[in-house]
Amino acid sequence: MKSREEMLATLTEILVEDFEIEAEDIALDTHLYEELELDSIDAVDLVVKLSEITGKKINPDAFKRVRTVGDIVNELEALLLN
């Protein structure tokens, strides 16, 4: 998972498989809570899954700021560059 496109593809795969969201509903500007109807428990599950995939510890505070799919991609990009 190196490019933004790969990150989006991986994130889309997780959202489809683990959260039963339709792939066509997922775009960088898609709002996680309003459009995808994720809740705080879903957000925790997503952070855990992303930690497993990246092999990196994800700071939960960083994910408190995310609102869109693109925000998650940005956080992943910053995490993987460090």
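Taken together, the values in this text are just the output of simple stated rules run on the coordinates, not laboratory data. All of these numbers come straight from a predicted model, not from anything done at the bench. Every residue, glycine among them, receives a Cβ derived from its backbone with ideal geometry; neighbour counts consider all protein chains shown.
Here is how the numbers come out for the structure above:
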{"read-out": "Some residue of the stretch 54-63 being among the basic types (Lys, Arg) and in a helix (DSSP H, G or I)", "value": "no"}
{"read-out": "From Asp71, Asp39, Asp61, Asp25, residue being free of Cβ contacts under 8 Å to residues at least 40 places away in the same chain and surrounded by 15 or more Cβ atoms within 10 Å (Cβ to Cβ)", "value": "Asp71"}
{"read-out": "Complete set of residues in the stretch 6-16 that are small (Gly, Ala, Ser) and more than 20 Å from Asn74 (Cβ to Cβ)", "value": "none"}
{"read-out": "Residue check, Asp18 charged (D, E, K, R), loosely packed, with under 11 Cβ neighbours inside 10 Å, at negative phi and more than 11 Å from the chain's Cα centre (by Cα)", "value": "no"}
{"read-out": "The stretch 17-53, residues that are assigned to a helix (DSSP H, G or I), more than 18 Å from Leu76 (Cα to Cα) and in contact with a helix residue (DSSP H, G or I) (Cβ under 8 Å, 6 or more places away or on another chain)", "value": "Asp18, Phe19, Ala23"}
